[in-house]
1. Kindly check whether there is at least one residue in the range 89-99 that is open to solvent by less than 30 Å² (accessible area, probe 1.4 Å), modelled with pLDDT of 95 or more and β-branched (Val, Ile, Thr).
2. Being modelled with pLDDT under 95 and either more than 28 Å from Val32 (Cβ to Cβ) or surrounded by 12 or more Cβ atoms within 10 Å (Cβ to Cβ) (or both) is the filter here; which residues of the range 107-122 pass it?
3. Taking Lys136 as meeting all but one of (1) in a strand (DSSP E or B); (2) open to solvent by less than 40 Å² (accessible area, probe 1.4 Å), write down the number of the exception.
4. Pairs only if they're at least six apart or on different chains, beta carbon under 7 angstrom, first in the range 56-84 and part of a helix (DSSP H, G or I), second modelled with pLDDT of 95 or more and open to solvent by 70 Å² or more (accessible area, probe 1.4 Å); list them, first residue then second.
5. Looking only at the range 45-73, how many residues end up being in contact with an Asp or Glu (Cβ under 9 Å, 6 or more places away or on another chain) and within 13 Å of Tyr150 (Cα to Cα)?
6. From the set of residues in the range 11-53 that are surrounded by fewer than 10 Cβ atoms within 10 Å (Cβ to Cβ) and β-branched (Val, Ile, Thr), which is modelled with the highest pLDDT?
Amino acid sequence: MKKLVLSFLVLASMIACTPKEATTEVEDPNMVLFRENAKVVDAAFKAYSKKDLTEFETYQSDSLKVHNAQFGGKDSNKAEFLERSANFFKLINNINVKVTLLPGVDEVTLKPDGSVRAYVIWSADFVNNAPKTDLKSYFSLKLDKDHKIYDHDEYFDVSGWFQAATAPPIQ
């Protein structure tokens, strides 16, 4: 009996000291896709903050559809969006952005779908010397298989910034 108990204790200690096999978790492919797409979105915001529309354009699909934040505004295509941006750049200088990127989710499953949500705080100097203010905004961006933005949905108070930017110059 002693030998049986001793054998059992030795066996139990051997089992307890044997390392468990490493388990490898398979990462959600949509999170991998999100990370790749997030790099593109981050680069696009950096190009925009430098007023570099040539670089910014490279991150946009030719079939880009922009759902504008402007009240009553219509959806824009790539050319209209770039023209709107060029006109906006005439009103501001020294653009700074603080960007937080999060994975977009499928509306039904609420699981990552590869799209990117961007929470952005903008600041800039207005050419009319209006007081500098921060603008909080939210973007939902979908990217195609080539990692180009094809659907751009934006939410922010564009009219407030536009009013400040186009007010008569402050003396």
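1. Looking for residues that are open to solvent by less than 30 Å² (accessible area, probe 1.4 Å), modelled with pLDDT of 95 or more and β-branched (Val, Ile, Thr), one finds none in the range 89-99, hence no.
2. Trp122
3. Every listed condition holds for Lys136 apart from (2).
4. Lys78/Asp62; Leu82/Glu57
5. Final tally of qualifying residues: 6.
6. Going through the qualifying residues, I end up with Val26.
Conditions tested, residue by residue: (1) farther than 17 Å from Phe89 by Cβ; (2) free of Cβ contacts under 8 Å to residues at least 60 places away in the same chain; (3) among the hydrophobic types (A, V, I, L, M, F, W, C).
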residue	(1), (2), (3)
Leu102	yes, yes, yes
Asp106	yes, yes, no
Thr109	yes, yes, no
Arg117	yes, yes, no
Val127	no, yes, yes
Ser140	yes, yes, no
His152	yes, no, no
Asp157	yes, no, no
Gly160	yes, yes, no
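The values are calculated or read from the model by the stated rules, or taken from the named source; none is laboratory data. Model, not experiment: these values are computed from the prediction. Every residue, glycine among them, receives a Cβ derived from its backbone with ideal geometry; neighbour counts consider all protein chains shown. To get the accessible areas, we keep the full protein, side chains included, count just its heavy atoms, and leave off ligands, DNA and RNA. Shrake-Rupley method; radii C 1.70, N 1.55, O 1.52, S 1.80 Å.
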